[in-house]
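Laboratory data are not the source of any read-out in this text; all were calculated from the coordinates shown. Computed from a predicted structure; not experimentally measured. Backbone-built Cβ (ideal geometry, glycine too); neighbour counts: all protein chains shown.
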Amino acid sequence: MNELIRSAHSLGEANFHLQFTPTYRRDVFRDGEVRRVCEASFRETATRYGFAIHAVEFGPDHVHVFVGACKNLAVSELARLLKGASARRLRAQCWERFRRKLWGDAFWTAGYFYRSVGATTNAAIQYYLEHSQQKHWTAVDYQTYLHATQQRLNNYLAETTTP
């Protein structure tokens, strides 16, 4: 991470936090084998299409994926590739583990959450993973969190060093 991607006519970085939810928001990821197969599919898709998976974290009914080096792929294309390949593989390898929880042909809901995370660090990814179990529209941004932490530290230092 924090490495710029160079191509013939561009130089830059693109990192995204994606969140996908199974149809009906079922808790299919309580099963370790389902998590393992899903993550393996994400990583193979990333290798095949030339982007990076920085982190994958599962809740019982959703998955967070941090992707990077996405120089030629739009967010919608990333979501389509990751969701499509993983749904096919999960149905092929784990169908019996979750078939009673899902109906019809869809594994994933039609939508997804995404956030551009810009230049990112391991600390930022860890922060997002720890705080991403909240509703995304109420979660605190990492930079806001860092600023608030620095303000509290500055206030503490001012209080403890004044005579």
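If r is the Cβ-Cβ distance from Lys71 to Asp31 and R0 is 45 Å, what FRET efficiency results, to the nearest 0.05?
Details: r = 35 Å, r/R0 = 0.77.
Computed FRET efficiency for Lys71 and Asp31: 0.85.
By count of other Cβ within 10 Å, fewest leading, how are Arg80, Arg100 ordered?
Arg100, Arg80
Estimate the FRET efficiency between Arg91 and Ala55 by the formula 1/(1 + (r/R0)^6), using the beta-carbon distance for r and 35 Å for R0, to the nearest 0.05.
0.90
Two decimals, Cα atoms only, Kirkwood Rh: what is Rg/Rh over segment 5-133? Provide the component values of the computation, followed by the final result.
Numbers: Rg = 14.8 Å, Rh = 15.1 Å.
When Rh is taken as the Kirkwood radius, the ratio is 0.98.
Cα centroids of segment 1-76 and segment 79-110: how far apart, whole angstrom?
16 Å
Subtracting the Cα-Cα distance from 0.36 nm times the residue separation, let me have the gained length for Ala106 to Ala8 in nm, one decimal.
Details: separation 98, 0.36 × 98 = 35.28 nm, distance 3.88 nm.
Separation in residues times 0.36 nm, less the Cα-Cα distance, equals 31.4 nm.
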